[in-house]
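Following: one structure in structure tokens, then a few remarks.
The values are calculated or read from the model by the stated rules, or taken from the named source; none is laboratory data. Just so it is clear, the structure is predicted and the values come from calculations on it, not from any experiment. Positions of Cβ are generated from backbone atoms using ideal geometry, with glycine treated the same way; all protein chains shown enter the neighbour counts.
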Amino acid sequence: MQDRLRGLPAATLTVLLILAFSGCSATPGAVIATPDPGTTQTTAASDQSVVVEDDSDDQTADTDDEGDGGQTAALGSTVKLGDWEVTVVKVTKNANKSIRKANMFNDKPKGQFVLVDYTAKYVGSERKADVEWDISWSFTDAEQNVLDQASEVTPADKADKPTEARKGGVIKQQALFDVEPKLISGGIISAENSGSSEYADFQL
């Protein structure tokens with residue numbers, strides 16, 4: 001082999017040497033530049049997983065906001081309004097005598113006092129909550145007039161029954177309305193979550 005190389009011209013030998021060194025240096029460069037397919041696939045899958053979770057959360061929030069949140073319930077049944085489970089346990093259509101006994105300074109009704117006894121169980125995540133802040137009441141008479149609560153002392157007020165509860169606590173309270181006697185029958189007692197559009201109508 002050495003004898004053959006000695007017979008070649010000097011210029012030819014130079015070209016052969018250049019080609020040999022070029023081929024050796026190209027190989028390590030190609031190995032360094034090759035990406036790791038496993039790393040690329042893992043990163044792409046991780047990003048996609050995050051996007052899917054975000055999309056799922058957004059869709060759930062949108063679904064909760066749809067609709068007016070209204071329910072129709074029978075007296076004695078339980079409805080969930082926000083963080084409270086509310087039950088109308090008793091309705092006294094003529095509570096004039098009870099309200100007069102509750103406080104001597106109570107005003108006489110313009111019509112007739114209607115007294116609603118209800119329970120409310122707190123099922124929320126806050127340390128405590130006040131049912132009178134969270135749930136409001138109204139009465140719709142037979143002519144579709146909406147009445148707010150009457151500002152008189154009720155038997156529950158006289159007994160100083162609590163309005164606050166922690167999770168699992170059950171509140172026993174009352175709502176009072178002053179209604180024209182002939183418009184009581186066929187009326188609707190409504191409980192509404194003050195923080196949202198959720199409400200429940202209890203038909204008399």
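Specify the residue that is farthest from Gly186 (Cα to Cα); the eligible residues are those in the range 82-92 that are hydrophobic (A, V, I, L, M, F, W, C) and touching a Phe, Trp or Tyr at 6+ places or on another chain (Cβ under 7 Å). Talk me through it step by step, then tell me what you get.
As a first pass, look at the range 82-92 and keep what is hydrophobic (A, V, I, L, M, F, W, C): 84, 86, 88-89, 91.
So of that shortlist, the ones also touching a Phe, Trp or Tyr at 6+ places or on another chain (Cβ under 7 Å) come out as 84, 86, 88-89.
On the way: Trp84: 26, Val86: 21, Val88: 16, Val89: 18 Å.
Among those that are hydrophobic (A, V, I, L, M, F, W, C) and touching a Phe, Trp or Tyr at 6+ places or on another chain (Cβ under 7 Å), it is Trp84.
Being touching a helix residue (DSSP H, G or I) at 6+ places or on another chain (Cβ under 8 Å), modelled with pLDDT of 95 or more and over 18 Å from Gly82 (Cβ atoms) is the requirement here; does Pro155 meet it?
Values: touching a helix residue (DSSP H, G or I) at 6+ places or on another chain (Cβ under 8 Å): yes; modelled with pLDDT of 95 or more: yes; over 18 Å from Gly82 (Cβ atoms): yes.
The answer is yes for Pro155.
Which condition number does Ala175 fail, the rest of (1) more than 19 Å from the chain's Cα centre (by Cα); (2) assigned to a loop (DSSP other than H, G, I, E, B); (3) within 20 Å of Val89 (Cβ to Cβ) being met?
It fails just one condition, (2).
Looking for something over 20 Å from Thr92 (Cβ atoms) and not aromatic (Phe, Trp, Tyr) - is there at least one such residue anywhere in the range 182-189?
Going residue by residue through the range 182-189, those that are over 20 Å from Thr92 (Cβ atoms) are none.
Scanning the range 182-189 turns up no residue that is over 20 Å from Thr92 (Cβ atoms) and not aromatic (Phe, Trp, Tyr).
If Glu192 passes every condition in (1) under 31 Å from the mean Cα position of the chain (by Cα); (2) without any contact (Cβ under 8 Å) to a residue 60 or more places away in the chain but one, which one does it miss?
(2)
Could you go through the range 187-198 and let me know if any residue there is in contact with a strand residue (DSSP E or B) (Cβ under 6 Å, 6 or more places away or on another chain), among the β-branched types (Val, Ile, Thr), part of a loop (DSSP other than H, G, I, E, B) and assigned by TED's automatic domain parsing to the domain that holds Lys80.
no
For the range 166-204, enumerate the residues that are touching a helix residue (DSSP H, G or I) at 6+ places or on another chain (Cβ under 6 Å) and buried (at least 17 other Cβ atoms within 10 Å of the Cβ). Spell out the reasoning first.
Just the residues of the range 166-204 that are touching a helix residue (DSSP H, G or I) at 6+ places or on another chain (Cβ under 6 Å), to begin with: 171, 173-174, 194.
Listed by number, the residues that qualify are Ile171, Gln173, Gln174.
Do you know which residues across the range 163-182 are basic (Lys, Arg) and within 16 Å of Asp134 (Cβ to Cβ)?
Within the range 163-182, Arg166, Lys167, Lys172 qualify.
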